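Structure record follows, encoded as structure tokens.
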There are 6 protein chains.
Amino acid sequence: MVAEREQEGKLDEVGVSRPSSVPEGASRYALGVQSLSQLDENQVENLEATFEDISPDLARLVIEYGFADIFSRPALDIQHREMATLAALTAMGTASAQLKFHIKAALHIGVSQIEIREIIILMSVYCGFPAAINGTLVLKEVMSESSSS
Amino acid sequence: MVAEREQEGKLDEVGVSRPSSVPEGASRYALGVQSLSQLDENQVENLEATFEDISPDLARLVIEYGFADIFSRPALDIQHREMATLAALTAMGTASAQLKFHIKAALHIGVSQIEIREIIILMSVYCGFPAAINGTLVLKEVMSESSSS
Amino acid sequence: MVAEREQEGKLDEVGVSRPSSVPEGASRYALGVQSLSQLDENQVENLEATFEDISPDLARLVIEYGFADIFSRPALDIQHREMATLAALTAMGTASAQLKFHIKAALHIGVSQIEIREIIILMSVYCGFPAAINGTLVLKEVMSESSSS
Amino acid sequence: MVAEREQEGKLDEVGVSRPSSVPEGASRYALGVQSLSQLDENQVENLEATFEDISPDLARLVIEYGFADIFSRPALDIQHREMATLAALTAMGTASAQLKFHIKAALHIGVSQIEIREIIILMSVYCGFPAAINGTLVLKEVMSESSSS
Amino acid sequence: MVAEREQEGKLDEVGVSRPSSVPEGASRYALGVQSLSQLDENQVENLEATFEDISPDLARLVIEYGFADIFSRPALDIQHREMATLAALTAMGTASAQLKFHIKAALHIGVSQIEIREIIILMSVYCGFPAAINGTLVLKEVMSESSSS
Amino acid sequence: MVAEREQEGKLDEVGVSRPSSVPEGASRYALGVQSLSQLDENQVENLEATFEDISPDLARLVIEYGFADIFSRPALDIQHREMATLAALTAMGTASAQLKFHIKAALHIGVSQIEIREIIILMSVYCGFPAAINGTLVLKEVMSESSSS
């Protein structure tokens, strides 16, 4: 892990400089599509379809800000991004649909079910048991859907 | 990281069984003291001193539940625990003293300043800019105190 | 808009004085019924029916405090009240039924769908994307029900 | 009530000393089972069944921390614990399943429906009407299920 | 306590009827002043002085809604109101000035320091340790000011 | 106001199309600087100075996302944006520094002190009195600084 850290340190010297966060020649939207598709290859299409009639710009802003400007930054690897995201969404308690998506995404990119379960248990310390219980029920729903498909 | 995951998987088979989370012969308080001291060797004493006159049991419960029952569980390594903790505390926005402690703790156990900064930036996506800005100001305070000492 | 502001300024000189917020001779309940009915003519009846067996005083308090004491105050016009309300309910993330009611109410009194959509998008800056996404899904539900009726 | 307070004061001298919160010879789990069963005799079984496949440790931690370490402490009687719990869960607005459980538990141990309704109304002062309305709707659901069974 | 409950039940039959919450002939403001003064005889004056230049109606609304319409209702005794209030304010984590006031008020009307400490500890179960720790630090501040005066 | 709405409707047909939100030839950063400077001409410099050593990208992201991508969108006028922002920040209760900035900004662009006071009072209905009181104390601080300068 030390080696990995050092590497990230080097990437970060680039990471904080403006050009690196959006590679030359790539539009923000295209970069966001690429980043989000790592987590779930259908999610760009889902977002666009969900919001096309009601607020198409919101889907675009999620992709451009959330996934091009932020998610694609090299200073934190994607497993760590998803771990931090799961912690925050469990803590908030107001974002169960988003938590469900990110549990599936985290599993997809190699965060283990055990680690996810443990992050949610950890939240009992900082946010109390209702947050941890409700987060675990979302995990249960994901695992149940995944085993029945 | 895959190797590390597999190892955690094995640990977890133990981790979910009850005896493993509190090793035989070790009291919960002693285990919690040991775990918390990994993050900051003075924090047990600080907690005890702060609460001894007003609510000594609360200090004990933090140590026993937060650090023996939960923090010492092998299913998630301590860097990942601290990353998840920083995300949650930044998201909550009501725990700046705790965020300050955990930023220092995370640095102490090898999470880089770059990773911490990035986790806080990531929170802008899920919790908005005030949370990310206030979290970053706590990081600034920590770095400023550390450079002046 | 400047003219409108000045007018409000004058009203406010009255608005802060105590007698004006409950016109002489009008009971608070009657005034609240009148105010709430501007937003939705059936809502007083809905509130009373929903709570009559379980907590009739709560329905009365909503009407008397929320709509007589506060909503009817002249210092802010009702479109602005509804805009501020939509922002707060989207930000809170724990009040989707109330957000749904106020989206319909806002449309009813002349706030455009475009403005509502934009207020919800704006919340992504202060409260993050889950709040903005969940708020937009409530707006979608309202528009979908309205087009099918 | 003054007499009752004084008695609690005496208990507390014991309560803050460590041994008393977990009686000698009783395991934390067994004590938690006993405490939780006072609120609902089926809830230990429900918790275990719900979480056995997904996160069995979480059920155990709820019982050990929530009900052995905390709930069984003598410094506050169980009616007062439930009143405080109902206030907090109503205020949080993110824990409707937990609020439902604790409304039933509070009724079971002798808190009156009138007191529960009033605590929820009181929350309108500190957390606003959406919290009080949503809390009351949970109470309505409980009363409706109870009258139909 | 059963006797006390029954008595409250009787009071409540009156409590839910509209006229009883504001005794005939008493203005809401006067009733609120009387209720709030039970908690702290200087608080009406403090509120009026604090807000007189910036938002005098807010002070009036706190007194009329919070203390006439709600606090004075007979369905819950004032010790129980304060216990529920302390739980909610600790849970919210955004109202430390209000928590401080209500800790002093609760002590003033006979809730013991031990009960207050315990309600705050209980919050660790539902809202996590940062809320309980920050709440306890407010209690410490109150006790420290009280012993030095 | 109806005329104004219609005009916004027209703008919005453009507003949802991608090119309009970032005018051709203008970089996002430059557009954000221009938008934010409408609220406070020193704030870009303040943000850059505050974060240059600790997290310079965060300052850039606030300007690019918050003020170029969102604030500059034509679908909602800036007074309405600020009103919605004040409501949300008051409701959140975790962003007093940001609330202070936006109160000053709102005053600067022509929202009256009376309207700001009233939006904060309105929040008592949705988020309770502590939020409204704490928001009003921030307004008091702004007015006090402004009258002493």
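Here is how the numbers come out for the structure above:
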| item | result |
| --- | --- |
| Selection count where residues are more than 13 Å from the chain's Cα centre (by Cα), more than 7 Å from every other protein chain (Cβ to nearest Cβ) and in a helix (DSSP H, G or I), scope the range B:61-89 | 1 |
| Filter result for F:Thr94 (closer than 29 Å to E:Gly66 by Cβ, more than 13 Å from the chain's Cα centre (by Cα), hydroxyl-bearing (Ser, Thr, Tyr) and away from chain B (no Cβ under 11 Å)) | no |
| Boolean, D:Val44 is at pLDDT 95 or above, among the aliphatic types (A, V, I, L, M), within 19 Å of the chain's Cα centre (by Cα) and within 26 Å of B:Ala68 (Cα to Cα) | yes |
| Filter pass, B:Ala106 being at the interface with chain F (Cβ under 8 Å from one of its Cβ atoms), touching a helix residue (DSSP H, G or I) at 6+ places or on another chain (Cβ under 8 Å) and farther than 17 Å from F:Glu52 by Cβ | no |
| Yes/no for E:Gly128 being in contact (Cβ under 8 Å) with a residue 24 or more places away in the chain, of a type outside the set (A, V, I, L, M, F, W, C) and facing another protein chain (nearest Cβ under 7 Å) | no |
| Test result for E:Ala49, surrounded by fewer than 16 Cβ atoms within 10 Å (Cβ to Cβ), assigned to a helix (DSSP H, G or I) and at pLDDT 95 or above | yes |
| Of all residues making up the range D:90-111, the number that are out of contact with any Pro (no Cβ under 6 Å at 6 or more places or on another chain) and within 23 Å of D:Gln34 (Cα to Cα) | 14 |
| Hey, E:Tyr29 closer than 26 Å to C:Asp53 by Cβ, at the interface with another protein chain (Cβ under 9 Å from one of its Cβ atoms), in a helix (DSSP H, G or I) and modelled with pLDDT of 95 or more or not | no |
| Answer from F:Ile63, F:Ile109, F:Ile78, F:Ile70 - the residue that is touching a residue at least 24 places away in the same chain (Cβ under 8 Å) and surrounded by 23 or more Cβ atoms within 10 Å (Cβ to Cβ) | F:Ile63 |
| The lone exception for A:Leu137 - which of (1) part of a helix (DSSP H, G or I); (2) buried (at least 20 other Cβ atoms within 10 Å of the Cβ); (3) among the aliphatic types (A, V, I, L, M) it fails | (2) |
| The range B:26-64, residues that are of a type in the set (Gly, Ala, Ser) and touching a Ser or Thr at 6+ places or on another chain (Cβ under 9 Å) | B:Gly32, B:Ser35, B:Ser55, B:Ala59 |
| Test for E:Glu115: is it within 7 Å of another protein chain (Cβ to nearest Cβ), assigned to a helix (DSSP H, G or I) and among the acidic types (Asp, Glu) | yes |
| Among (1) in contact with a Pro (Cβ under 9 Å, 6 or more places away or on another chain); (2) in contact (Cβ under 8 Å) with a residue 24 or more places away in the chain, the one test that B:Leu122 misses | (1) |
| Pairs where the first residue, in the range D:43-56, is facing another protein chain (nearest Cβ under 8 Å) and the second is surrounded by 13 or more Cβ atoms within 10 Å (Cβ to Cβ) and in a loop (DSSP other than H, G, I, E, B), C-beta under 8 Å, 6+ apart | D:Pro56/B:Val16 |
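The values are calculated or read from the model by the stated rules, or taken from the named source; none is laboratory data. This is a predicted model, so every value here is computed, not measured. Ideal geometry is used to build each Cβ from the backbone, glycine not excepted, and the neighbour counts take in all protein chains shown.
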